[in-house]
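Below is the structure I would like to discuss, written out as structure tokens.
The values are calculated or read from the model by the stated rules, or taken from the named source; none is laboratory data. These figures come from a predicted structure and were not determined experimentally. When we count neighbours, we look across all protein chains shown, and the Cβ atoms used for this are built from the backbone with ideal geometry, even at glycine. When the accessible area is computed, the model is the full protein with side chains, heavy atoms only, and any ligands, DNA or RNA have been set aside. Shrake-Rupley method; radii C 1.70, N 1.55, O 1.52, S 1.80 Å.
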Amino acid sequence: MSRTRGGWKGLLGAACALLMLLVAGGAQAGDALRAERAWKATVQLRLQEAARVLQGAPEGDTMLALERGRMLLYATRYTEASGVLQRSDVLALPEGAHLAELAANCARSTAGALVVTDDEHGLVVRMQDDRDQVLVPILAQVATHARRSIARELGVQLPRPLRIELVRDHHSLSSITGLAEESARTTGTVAVANWGRVAMVSPRSATHGYPWLDTLVHELAHVALSIGTLDRAPLWLQEGAAKYAEGRWRAADPGDGHPSADAVALAGIELGLGRDLDDIGPSVAMLPSAEHAMVVFAEVESFVRYYVREAGPRALPGLLSGLRDAAAGATASDVMKAQTGRDLGAWTQAWRAWLGQNAGDVPAELTLAGPAPHAATAVRNVRLGMLLLERGHGQAASRVLLVAREAAPHELRVRALLGEAFARMGQRQQSWTAVAAIDPPMVPDAVAFSMHGRFLAEQTDRVGADRSFFRALALNPWNAETACEMLVEPLVPAAAERAELCRAARRWPRY
Amino acid sequence: MKDGRGGVVARWTLGDSTQLRVAARFGGVLILQDETLQVTTIEDTSPKVLVQDTPRTLRATDAREVPMVYEVTDDHGLTQVDLVLRAGEREDRRVVARLDGQTRLDRGAVVVQSDDRFVRGVHVPIEIVMEARDNDPIRGPKWGRSETVVLIPPAVGEAEAKRCEALRELRGAAVDMLARRLTTEVPTGAKAVAPFWRQEREAHHKLNGLVQATIGASYGGLGVPRRLAALVRGQMDRLHRAVDSTCEPGNSHGACAGGYAKVRDTSEVTVLALDGAMRALADADAASISRRLAEVAEDAALGAKLWRESEPKRGSAKLQAALTVLGGGARSLGRLESLGHDLAEVVEIGVRRIERTVRGDDLRGAELAAVDLARRLRRPYPSFAGGGGQHGTEAGGGAPLDGLAAGGEMQDSFEQKGNALDELAREHAAEMENLQRALADAMREVQTESSREQAREHARRIRRAVSGLPTRAMETSSVGGAAAMMRENAERMAEALDRLGFSEAQRAGENALRAADEARRMAFGQSDLFGQPPAEAHAVERARTTVEQELGWVRERMEQAQRAAADRSGESVRRSAGAEQELAERTKRLAEQGSTGETPLPQDTVEMLREAEQAMRQAAQALRGADTERGVDRQREGQRLLDIARESQRDDASQADVSRGNQDGSSDSERRREARDESGMGRPLATGRVDIPGADAFRGPEEFRKRVVRGLSEPVDPRLRDAVRRYAEGLLR
């Protein structure tokens, strides 16, 4: 996430300038070279090396104290970091005050949180909600896949251990990342990568979940980009490359690319929701609305895909290493020009021209401006259907949900409810029909995927069933039906970690 | 010391049992007494305090009051008996009895109500004990204490949770009814149609009964907010009309089926409106509970800090108490709707974090975790909001189609009507006040110095006329008594005239004449042996003539003044007539909007608005004709009706006193009907001032008593009528 990275870069610049002034003025600034070595090791997540550099630092050295605080912050040792950064000489530095406040917030928001360390997979997960520990084995597997895919696609090796902070809500996400809570709520931000770690909202917090596993990989890609470019990647590259990488750790999903990033980008630009690539602002999470965020993500994803397609598969790793090795002051555009002969402006022009001719249509259900057609009818009937199902009235529910399906034919949520209503009536075939054609989903729905998986399993299509169950799990793991693959208690899924998750979801059902 | 009789006296304070022996010293020789005296001390024990049925534990939700029937004894004497309530760190000590220090036995009883201010203010278990102090002069006063009654207060949010469950039950019943209607068709046979519709009406009345019971009930002191109740009643009225009018005898099957489709649609809207309103209330309650729990979390942080820094025992107790309260609050939140469930988990997670740090001896961590929880609870938003993340990773995406937005637009529409009514009533009240101020100003202007001098002259005449009447009488039911009453009222009339208080002078004059008539009536029955009436009778007759003349002058003067005032304030009156007409139009439009659409106002509110409109039109007409007296009267009536209609819509999320207001068991609409009926009979304002008769209204003691009873009981709020009557009867018995 770029706000803090951007701010961090700026603050670092300011700190360096201050350092130079102090050195020039003969003040007791401290060991500048040693501080720079420590800083470089820290931001590249070589934390042990940073600790060695800082070992035995003189007590009165402000810059080394600042770097020690930074190193501890990156190591997620917040209480210690807070202690170091509270020194008055460190607080007197603008960056020192900023880091001190952040460390104190992190210490408060993670106090009493449960820490699970997985040495085998190189992962440390700290979670506010200890019940989330059943998610750790799944996170670990994904992190392992992500290491490989990110090394392949971006040319960066992720360090060990990777640090993940799993928080309950936007409040805590804001507290430990510095992102304004209001911004997080406005854009529906679920994760932020900064200070060398990934901070994610628990999928339990979102009623229908969110693509938490792809999100993890997206954020790990940010970590990789920071390391790989020494934090020199501009925001469009940060977000574009992360979007490019987020789905490449797993097999392709039928829902990938739907809605097409190209189509959303073009439609968004035409509606005035788009931004120039070099004018996205400090962070996608700080855009005015979730729709703006969606369009900007689509723009940068579409552009990076276009760039890779046109410049070749090694173009992206080359761009990252080029940025890392470029002379001070060189921009991504300079590196692109040096590597491909065209700068960012030229590439953007070419991409827009391509977009105008090749981007398809945005699906009717995806509305970037105003409510979807028939939305009110669908919303009313979905609510009635839910209430009727809650009271066990399957037949009556099916009646109102059929109206909802007519209004929103591609909404998986409606189909899942309809499938449930038919199932309550004992009409298995109609229930299956309701969820059979789930692709490509406009808005994915974990329960629809789970039902689909269960029907496939009953038809002995184990591969298809597993794929559907995984799609559901990757979206909403805390839904008991999803976690238990629609099995009836006391049955649980065969895989140990899934069985554990299923038991937990039944024991602590998501409200 | 010497005792003055050759002996000596010595005094020591005896602490323990000992042997006493007297000795005498003569120079170097000490001669001991042969005998020793064994002195045995009996320790002054602490007072013994016994309280019936202790120890025991009660829940505040089960026990409305906790009687503490005590008996205190002491071996020497008692000085004080206290009732003591302790909850966590808080203590409330109340002196029940102060004694003389000689009393050795005291018995009594004291009751702690479940709505006691201390009980209401805490959420941790409360220890209730009786404590007594003795008068031990040697070692200082000692306290004895009884066994404990532990009162467990309701969990934070308990009342809100109960209310939400009741509304959920109501919603469930509405959903069940909808389900039946969605899966039922109108029968085709003519014979089956009548029972079918009868069944529909019965189902509707059953649901309506549940609605009335639910919105009229009290949930641990909390009622259903009036605006929500009005919305539900409006929906039920609409449903009632649909059920009642959609299939008349003799209609074709097609017409009846069409009518039933309308009933289905209306039932759907009713369910959605009820659901939306109920969820909105539950979410508001969740936010409110969350803020209260934030304070408890802060208490937990303080406990952890005390434990770590200075007072381990006290800090630990404080922290544990706070965690208990947080746990109870989380359970209450979990009984609400989605935001409540979400925040319940937030609290539970916070509590587990605090407990984990305590287990790990990390008290600084416990403090931080508690502070973090407090901060979160002060911002009672859903954990996750905004895009929803369904379309994309990290951020962006639209909200999923989960139907939770359904019903929201209905609530908004209903809110708008309620707000419009609020605004209308406020504007009308302001307009009425403006007119009254203008009239009063004009009246003051016409009261010149010359008229003041005239009035004083008339006052002097009155005083002279009654100067011969007695000033007091032993018997009020005698000619003398009536004459004294006449004089008193006549003098009051004169006094009012001195101040140019014509209205008051008129009232006092009328009372003086009534007293004179009473004296005349009694004079017939009190003739002396020679058939002559009592001496006062003649004086009363003479005075009566003068007072009657002066009263005529007062009336004439008032009419002149009113005409003059109306002329002077003509512009204001004309402007007010226009404004009144415009407000009447607005009232009409609001009544029309309130009786149509998916979110109608309750039928009786609409009727009230229509009556208000009529009164306002009459006021406008009277003001246009410069009949300010009638204009003002009709304007007041319009305002009264608007106020009653508004009262039914006023948003009051927490009606703590609803249970008291509902003691007579009548529903809101019944009370409003009563108010309207009373108004129709020409009685004073049901919600206005109580017309307590003055001392000048002479009707004899019996009549006066009746009038007090009637006066106190009739015009007040009908909810309080019976209680006031009982009170008044008791007062005058």
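Dipole of the range A:100-187, Cα-centred, from +1 at each Lys and Arg C-beta and -1 at each Asp and Glu C-beta, to the nearest 20 debye?
Numbers: 10 positive and 12 negative charges, 54 e Å.
Dipole about the Cα centre, nearest 20: 260 debye.
Give the separation of the Cα centroids, the range A:300-338 to the range A:159-197, in Å.
First find each Cα centre; the distance between them is then 27 Å.
Related question: Mind checking the full-extension length gain between B:R461 and B:R107? Use 0.36 nm per residue of separation minus the Cα-Cα distance, one decimal, nm. Walk me through the intermediate numbers first.
Numbers: separation 354, 0.36 × 354 = 127.44 nm, distance 6.75 nm.
Net length gain for the segment: 120.7 nm.
Right, something else. Ignoring ligands, DNA and RNA, what percent of the accessible area of the protein assembly as shown is carbon or sulfur (1.4 Å)? Show your work: numbers first, answer last.
Working: 27870 of 55500 Å².
Result for the protein assembly as shown: 50 percent of the exposed heavy-atom area is carbon or sulfur.
Apply the Karplus parameterisation 6.51 cos²θ - 1.76 cosθ + 1.60, with θ equal to phi minus 60°, to every residue of the range A:296-304 and state each ³J(HN,Hα) to the nearest whole Hz, in sequence, with x for glycine and proline.
5, 4, 5, 4, 5, 5, 4, 5, 5
Does chain A come out rounded, prolate or oblate by the C-alpha gyration tensor, with a ≥ b ≥ c the root eigenvalues, rounded set by a/c under 1.5 and, if not, prolate when a/b is larger than b/c and oblate if not?
Values: a/c = 2.21, a/b = 1.59, b/c = 1.40.
Here chain A falls in the prolate category.
State, in square angstrom and to the nearest 100, the accessible area buried between chains B and A, both chains counted, probe radius 1.4 Å. Walk me through the intermediate numbers first.
Details: alone 39090 and 22080 Å², together 55500 Å².
Approximately 5700 Å², summed over both chains.
How big is the range B:528-606 on each of its three principal axes, counting only the C-alpha atoms and giving the largest first in Å?
84, 38, 10
Another question, if that's okay. Among the aspartates and glutamates, select those whose C-alpha is under 18 Å from the C-alpha of B:K305, and discard any that sit fewer than 8 residues away in the same chain.
Filter leaves B:E89, B:E295, B:E355, B:D361, B:D362, B:E367, B:D372.
Other chains' Cβ within 10 Å of A:386-399 residues: what's the mean?
The shielding value for this peptide is 5.
Simple spin-label model, 7 Å along Cα-to-Cβ: A:D343 to B:R5 in nm?
12.7
Over chain A, with the other protein chains present, what is the accessible area per residue in square angstrom, probe 1.4 angstrom?
Details: 19370 Å² over 511 residues.
Dividing the accessible area of chain A by its residue count gives 38 Å².
Could you give the size of the charge dipole of the range B:82-207 about its Cα centre, using +1 on the Cβ of each K and R and -1 on the Cβ of each D and E, expressed in debye and rounded to the nearest 20?
Details: 23 positive and 21 negative charges, 85 e Å.
About 400 debye.
Pairs B:K206/B:K588; B:K262/B:K588; B:K162/B:K206; B:K191/B:K262: which exceed 31 Å Cα-Cα?
Values: B:K206/B:K588 33 Å; B:K262/B:K588 27 Å; B:K162/B:K206 22 Å; B:K191/B:K262 22 Å.
B:K206/B:K588, as the Cα separations exceed 31 Å there.
Enumerate the residues in the range B:534-573 having an amide nitrogen under 15 Å from the point lying 7 Å beyond the Cα of B:Q454 toward its Cβ.
Flagged as within label range: B:550-565.
Under 30 Å Cα-Cα from A:K243, which lysines qualify once same-chain neighbours fewer than 8 residues away are excluded?
By straight Cα distance, A:K243 reaches A:K9, A:K40, A:K337.
Out of A:Q48, A:G155, A:A265, whose Cα points farthest toward the positive end of the dipole of chain A (charges: +1 Lys, Arg; -1 Asp, Glu; placed on Cβ)?
Sorting the options by dipole projection puts first A:Q48.
Output needed for the range A:36-175: three equivalent-ellipsoid semi-axes, defined as square roots of 5 times the C-alpha gyration tensor eigenvalues, in descending order, whole Å. Could the numbers behind the result be given before it?
Working: eigenvalues 157, 80, 28 Å².
Ellipsoid half-lengths, sorted descending, are 28, 20, 12 Å.
Note the full-extension length gain between B:E248 and B:Q199 as 0.36 nm times their separation in residues minus their Cα-Cα distance, in nm to one decimal.
Working: separation 49, 0.36 × 49 = 17.64 nm, distance 1.46 nm.
Extending this stretch completely gives an extra 16.2 nm.
Sticking with this one: Evaluate E = 1/(1 + (r/R0)^6) for B:A24 and B:I138, where r is the Cβ-Cβ distance and R0 equals 30 Å; express this FRET efficiency to the nearest 0.05.
Working: r = 29 Å, r/R0 = 0.96.
The value I calculate is 0.55.
List, by residue number, every residue in the range A:156-195 with a reduction of 30 Å² or greater in accessible area between the chain on its own and the complete protein assembly, 1.4 Å probe.
Those are A:R168, A:D169, A:H170, A:H171, A:E181, A:R185, A:G188, A:V190, which lose 30 Å² or more relative to the chain on its own.
Would you mind computing, in nm to one decimal, how far apart the modelled labels at B:D100 and B:R145 are, each placed 7 Å from Cα along Cα→Cβ?
Distance between label points: 3.0 nm.
Per residue, how much accessible area does the range B:220-305 show when a 1.4 Å probe rolls over the protein heavy atoms, in square angstrom?
Working: 2670 Å² over 86 residues.
Heavy-atom SASA per residue in the range B:220-305 reads 31 Å².
Return the Cα extents of the range B:83-189 along principal axes one, two and three, sorted largest first, each rounded to a whole Å.
On the principal axes, the range B:83-189 reaches 98, 29, 20 Å in Cα extent.
Could you calculate the contour length gain from B:R636 to B:E165, that is, 0.36 nm times the residue separation minus the distance between their Cα atoms, to one decimal place in nm? List each step's numbers first, then the result.
Details: separation 471, 0.36 × 471 = 169.56 nm, distance 4.17 nm.
Working it through step by step, the gained length comes to 165.4 nm.
Nearest 500 deg cm²/dmol is fine: what mean residue ellipticity at 222 nm does chain A get from its DSSP H runs of n ≥ 4 alone, each adding -39,500 (n - 2.57), divided by its residue count? Please list the in-between numbers first.
On the way: 25 runs with 309 residues, N = 511.
Taking each H run of at least 4 residues, the total per residue is -19000 deg cm²/dmol.
Something else: Buried by at least 40 Å² relative to the chain on its own: which residues of the range A:110-141 qualify, computing accessible area with a 1.4 Å probe on protein heavy atoms?
A:A111, A:G112, A:Q128, A:D130, A:R131
Under 20 Å from a label point 7 Å along Cα→Cβ of B:R59: give me every residue in the range B:208-250 with its amide N that close.
From the range B:208-250, the list is B:218-223.
With N residues in the protein assembly as shown, what two-decimal value do you get for its Cα radius of gyration over 2.2 N^0.38 Å? Each step should come with its number before you reach the end.
Numbers: Rg = 42.4 Å, N = 1244, 2.2 N^0.38 = 33.0 Å.
In units of the globular-protein estimate, the protein assembly as shown measures up at 1.28.
Using the Cα gyration tensor of the range B:29-146, with a ≥ b ≥ c the square roots of its eigenvalues, what is the shape: rounded (a/c below 1.5), prolate (a/b larger than b/c) or oblate (neither)?
On the way: a/c = 3.39, a/b = 3.02, b/c = 1.12.
It is prolate, given that a/c is not under 1.5 and a/b is the larger ratio.
A further question follows. Would you mind working out the magnitude of the charge dipole of chain A relative to its Cα centre, with +1 at each Lys and Arg C-beta and -1 at each Asp and Glu C-beta, to the nearest 20 Debye? Please list the in-between numbers first.
Details: 54 positive and 56 negative charges, 144 e Å.
Magnitude of the dipole: close to 700 debye.
Mind listing, in residue-number order, the residues in the range B:254-300 that have at least 10 Å² less accessible area with every protein chain present than in their own chain alone (1.4 Å probe)?
Those are B:R264, B:E268, B:V271, B:L272, B:D275, which lose 10 Å² or more relative to the chain on its own.
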